[in-house]
Structure formats: structure tokens, C-alpha cells
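Scroll down for the structure; my scribbles are underneath it.
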Amino acid sequence: MLSEKLEKALNDQINAELYSAYLYQSMGAYFEDKSLDGFATWMDMQTKEEMFHARKLYDYVNERGGRVILAGIDAPESNWENTLAVFEASLAHEEKVTAMINNLVDLAEKDKDYATRSFLQWFVDEQVEEEDSVGEVVDKLKMISDSSQGLFMMNNELGQRTFTAEPTQE
């Protein structure tokens, strides 16, 4: 059974993951407007990943006898200066989510809720991957600078991204 404090924190994280999906969908819409369909596809896959994260938390709260309480989702940003600015905002967002996950781990440890601590390890590991993935795109965008050919090539590369949810354990 989850403590009230941990249950609320997990619900807050569900909301944060749903906001992340909303933010990435907004970023995808920005790229669609710029005719950068590969970048839009990358963001669509990121949206699906964030929805998967939210559902994983949702199922866990229910599994532990808690109650999921969904909250409103704030409107995300919708305009950026350029492609690099979008990915820099994405990286900053992922760093914020990492801090939130780390705070959840701290709370689970303080509550001596080792089941939740174990469950959260997946998210800790996932955030390392998330930051690395976005950071790599930021680095590449900085390398190509204002090259339209480089942007075209990256658009094609990022358009190849797919999302496959891991099998759930039942």
C-alpha cells in the first residue's frame, strides 16, 4: 500500500508525463508547420513514449491499491525560434523530469517503500536514455548550424524513429 504522500507524488508524476506528451505533440505540430515531417515523426514517437510512461505509473498506482487522480494539463509552449531551440527546450524538460523522478525515488526510500523504489528504477534508467537521445540531437543540430542540407539530412534520419512499447508483465 502506498503512503498518501507517495500516492500524491505518483499522481503528480502521471500528470507530468501527460504534460510531457502534450508538449511533444506541440513540438511535433511546430515541425509539421515548418514542413519538417521527420522531426515531427520524432516528436510523435516521443509523445507515444510519454503516454506509455504515464500509463505505466497509472497502472502501478492502481496495482498498489492507490487511487489515480488526474489533474488538468497546462497548455504547452507552441512557438520556438528554430529547430535547435525546440530540442534545447526538450532537453531542459527532460532534465526537469529526471529531477522529478529522483525526488520520487528519495520519497520512496524515506517511506521505506522498496517496491516503489524498485519500480522507479526503470524510470531512472529511462531518463538517462531520454537525456542522451535528446542531447545527441542538440549536438548534431549545433554541428550543422545553418546548413539547410544538414537539416534536410537530419529530418530524414529522425523520421526513421519508431516506438515499441515494452511488453507488460502480468
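Want the number for E63 to D146: 0.36 nm per residue separation, take away the alpha-carbon distance, what's left?
Full extension from E63 to D146 adds 24.9 nm.
Per-residue ellipticity at 222 nm for the chain, helices alone: DSSP H runs ≥ 4 residues times -39500 (n - 2.57), over residue total, nearest 500 deg cm²/dmol?
-26500 deg cm²/dmol
With an 8 Å cut-off on Cα pairs and a minimum separation of 6 or more residues, tell me the relative contact order of the chain in percent.
32 percent
Round to the nearest 10 and give me the degree value, 0 to 90, for the angle of helix 4-33's Cα axis relative to the longest principal axis of the chain.
10 degrees
So what's the angle, to the nearest 10 degrees on a 0 to 90 scale, between helix 148-158 and the longest Cα principal axis of the chain?
40 degrees
Take M154, M43, M100, M143 and order them by how many other Cβ atoms sit within 10 Å, fewest up front.
M143, M100, M154, M43
Please give the residues of region 73-93, grouped as numeric ranges, whose backbone N is less than 17 Å from a label point set 7 Å along the Cα-to-Cβ vector of D132.
Label zone hits: 91.
Based only on other Cβ atoms within 10 Å, what is the fewest-to-most ordering of H93, H53?
Final ranking by Cβ density, sparse to dense: H93, H53.
Quick one: if you stick a label point 7 Å off each Cα along the C-beta vector at D106 and E77, how many nm between them?
2.5 nm
If each residue's Cβ is checked for other Cβ atoms within 10 Å, how do M1, M153 rank with the fewest at the top?
So the ranking, lowest neighbour count to highest, is M1, M153.
Per residue, how big is the convex hull of the chain when only Cα atoms are used? Give it in Å³.
103 Å³
Only the coordinates and a few stated rules stand behind these numbers; no lab work does. Being a predicted model, the structure only gives us computed values, none of them experimental. Here Cβ is always computed from backbone atoms with ideal geometry, including for glycine, and neighbour counts include all displayed protein chains.
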